[in-house]
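Student: The structure follows.
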Amino acid sequence: MINFYYDRVVDGIHIPNGIPKNFVKYYSPIFNDVKFRTDIDMEPAVYPSDMRHTEYSSLKSVDTIKDDTETFSGYYLIEGFGSAQNALGVNPETKGKYKSVFNYIEEKTLKFLQNGVLKLCICYLQESFITDNIIHSIHYNTKKLNIQNSIVIVNDFLVEKRYTDWCKKNGYEPRIKTIVFCHSLYEKSSEIYQLLNNNQIYTMADDYKEYEGSAISLEEFKNTKSILRKNSVLSMNRRQREHRLATLCVLNNCNLLKGNGVSYQLTFDGPTTPFYVDKLITNEEKQKMYFQDYKELQEMKYQWVDYPIAMEAKDGVHHGYGWENKQPYLDSYLNITTETDFVNPTGYASEKVWKPFGFFQPVLLVGNYGTLEFVRSFGFKTFDGFIDESYDKEKDNAKRFELIEKEIIKFSKMSKQEVHDWYWSMEDILVHNFNLFMEYGKNREQNYKNLLEKLK
């Protein structure tokens, strides 16, 4: 049993560490993130994480530790919410509203962290977007406060290398131990496993109650072998980023966008998404060509493939987690997966990477280098031989995108029947990945137990 310690316990509720006193009211009796966003006008820095939802850990108050304790008692847990920018105080939008989790550690707790009675555990299980300035900030703050033992749990398979390389370059002694925990795989596989075992786990928005979550069984998959699917590709691109916009332009140019399984909206984060693809598409002639595709995208409101309010982000609708609709997958063959990040040197593998395995689809990944190698480390098979996956080894962003572009162009020249035959020639791989995905979903709690074992 691992003990996690908290500065504040209110009516039996362990309030997340790392917040000022005036924030406490938003976390008791439950975390009211909607009211928090309304009142404070920022994303929360911390929240009650899944680290609490395991039978292998115990939540305790720091006040239960005696002042004269000298032996290790447990971990002081910082539970990150989304991006770590807010929690570490490096987001300019939080200025005047929130400083840093390190600013809100109680004096008694700090003493225990300094003498080794407690160890600091910063946990980013979910949106583990850990850029270099975040890990550097943790390093500097722990040194400033003389915190001796720190662990960062994160879904970023490149973070340890980036951190150790940075320490070596600057002559620093590493102060932080990193643990990679693939929360996205374990949670998404658990969701689909639950769905296939008739456990409806989703709550839709009031105006879309008729929709229910759904998944594809092995039997249903095999029964589609003689059916020619209406779409060649499935690619979901709700929130626009540089690599997604570039991918959409390529898809449109290849006649794979309109009337296909591609979702997008250029006005999701503002009046319109600017044409900012120059870091990925460096050839000027190509830029001019794809700008015409961008103009066509601008003329359309949006295109959706599962349900329209997903593009509107209405309250009560979940997106990455908490919702699945099998039909877009049954209607298409190749999943062109546009990850959360492409240009930053992070190794974040979100739920987007994993869920095609649960829906019997091959993946062309528009993401960071090395992601497919990371995927294979879990026992999954990727699709080299059917797709040229050399792009996964290319660190240069523009060159990596060019290799991906070539695969999209090559795929676009295949007839629907050729695509169908190509898809079913991978049946053994698709079934292997699905079965393994289900095993991870079935063993969700064991995955968390394994994580906690690493903390002992």
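Student: For the chain, what mean projected area does the convex hull of the alpha carbons give, in nm²? Present the calculation step by step, with values, prior to reporting the outcome.
Tutor: Numbers: hull surface 91.1 nm².
Taking the Cα atoms of the chain, their convex hull projects to 22.8 nm² on average.
Student: Report Rg (one decimal) and Dmax (nearest whole number) for region 2-181, counting Cα atoms only, units Å.
Tutor: So, for region 2-181, Rg and Dmax equal 15.8, 48 Å respectively.
Student: Quote to one decimal, in nm, the extra length available between Asp388 and Ser412 on full extension: 0.36 nm per residue of separation minus the C-alpha distance between them. Can you show the working numbers first?
Tutor: On the way: separation 24, 0.36 × 24 = 8.64 nm, distance 1.46 nm.
Extra length available between Asp388 and Ser412 comes to 7.2 nm.
Student: Here's a follow-up. Using R₀ = 25 Å, calculate the FRET efficiency as 1/(1 + (r/R₀)^6) where r is the Cβ-Cβ separation of His432 and Ser58; round to 0.05. Mind showing how you got there, number by number?
Tutor: On the way: r = 38 Å, r/R0 = 1.53.
That gives a FRET efficiency of 0.05.
Student: What ranking, highest mean first, results for peptides 334-342, 107-115 when packing means the other Cβ atoms within 10 Å averaged over each residue?
Tutor: 334-342, 107-115
Student: May I pose another question? Given a cut-off of 31 Å, name the pairs among Lys143/Lys442; Lys258/Lys406; Lys60/Lys188; Lys25/Lys161 whose C-alpha atoms lie farther apart than that in the structure shown. The partial results should precede the final answer.
Tutor: Working: Lys143/Lys442 41 Å; Lys258/Lys406 20 Å; Lys60/Lys188 29 Å; Lys25/Lys161 39 Å.
Listed pairs above 31 Å: Lys143/Lys442; Lys25/Lys161.
Student: Related question: Rounded, prolate or oblate for region 301-454? Axes are the square roots of the Cα gyration tensor eigenvalues, ordered a ≥ b ≥ c, and the cut-off for rounded is a/c under 1.5. If you can, show how the numbers build up before the last one.
Tutor: On the way: a/c = 1.28, a/b = 1.14, b/c = 1.12.
Judged from the Cα gyration tensor, region 301-454 comes out rounded (a/c under 1.5).
Student: Now a separate question. Where does the charge balance sit around Gly74 when Lys and Arg score +1, Asp and Glu -1, over other residues with C-beta under 12 Å from its C-beta?
Tutor: Surrounding charge for Gly74 is +3.
Student: For the pair Lys381 and Ile179, what calculated FRET efficiency results from E = 1/(1 + (r/R0)^6), where r is the Cβ-Cβ distance and R0 = 25 Å, to the nearest 0.05? Show your work: numbers first, answer last.
Tutor: Numbers: r = 26 Å, r/R0 = 1.03.
It comes to 0.45.
Student: List the DSSP H helices in the chain whose Cα atoms stretch 15 Å or more along the helix axis and whose mean Kyte-Doolittle hydropathy is at least -1.0.
Tutor: Working: long enough: 132-144 (18 Å, -1.08); 159-170 (17 Å, -1.91); 183-196 (20 Å, -0.48); 242-253 (17 Å, 0.08); 284-299 (23 Å, -2.11); 397-412 (22 Å, -0.39); 427-442 (22 Å, -0.16); 444-455 (18 Å, -1.64).
Span-like helices, by this rule, are 183-196, 242-253, 397-412, 427-442.
Student: Go through 294-304, 148-158 and give me the packing order, highest mean Cβ count within 10 Å leading.
Tutor: Working: 294-304: 14.9, 148-158: 21.6.
Output ranking for 294-304, 148-158: 148-158, 294-304.
Student: For the pair Lys161 and Leu452, what calculated FRET efficiency results from E = 1/(1 + (r/R0)^6), where r is the Cβ-Cβ distance and R0 = 30 Å, to the nearest 0.05? Could the numbers behind the result be given before it?
Tutor: Working: r = 24 Å, r/R0 = 0.81.
That gives a FRET efficiency of 0.80.
Student: Here's a follow-up. What ranking do Tyr369, Tyr211, Tyr76 get, fewest neighbouring Cβ atoms within 10 angstrom at the top? Write out the running numbers ahead of the final one.
Tutor: Working: Tyr369 19, Tyr211 15, Tyr76 26.
Ascending number of Cβ neighbours within 10 Å: Tyr211, Tyr369, Tyr76.
Student: Could I get the Rg over Rh figure for region 146-205? Both from C-alpha atoms, Rh via Kirkwood, rounded to two places. Spell out each step's value before the answer.
Tutor: Details: Rg = 18.5 Å, Rh = 14.6 Å.
That ratio is 1.27, to two decimals.
Student: In addition: For region 201-441, report the % of Cα-Cα distances exceeding 31 Å. Let's see the in-between values first.
Tutor: On the way: 5646 of 28920 pairs.
For region 201-441, the share of Cα pairs beyond 31 Å comes to 20 percent.
Student: Oh, and also: Given region 207-281, what whole percent of its Cα pairs are spread farther than 20 Å? Spell out each step's value before the answer.
Tutor: Working: 1403 of 2775 pairs.
Value for region 207-281: 51 percent of Cα pairs lie more than 20 Å apart.
Student: Could you tell me what percent of the DSSP beta bridges with both partners in region 2-181 are antiparallel, to the nearest 5? Walk me through the intermediate numbers first.
Tutor: Working: 4 of 27 bridges.
Rounded to the nearest five, the antiparallel share is 15 percent.
Read-outs throughout are calculated quantities, based only on the coordinates presented, and are distinct from any laboratory measurement. Because the structure is predicted, anything quoted here is derived from the model rather than measured. Counting neighbours? That spans all protein chains shown, and the Cβs are built from the backbone with ideal geometry, glycine included.
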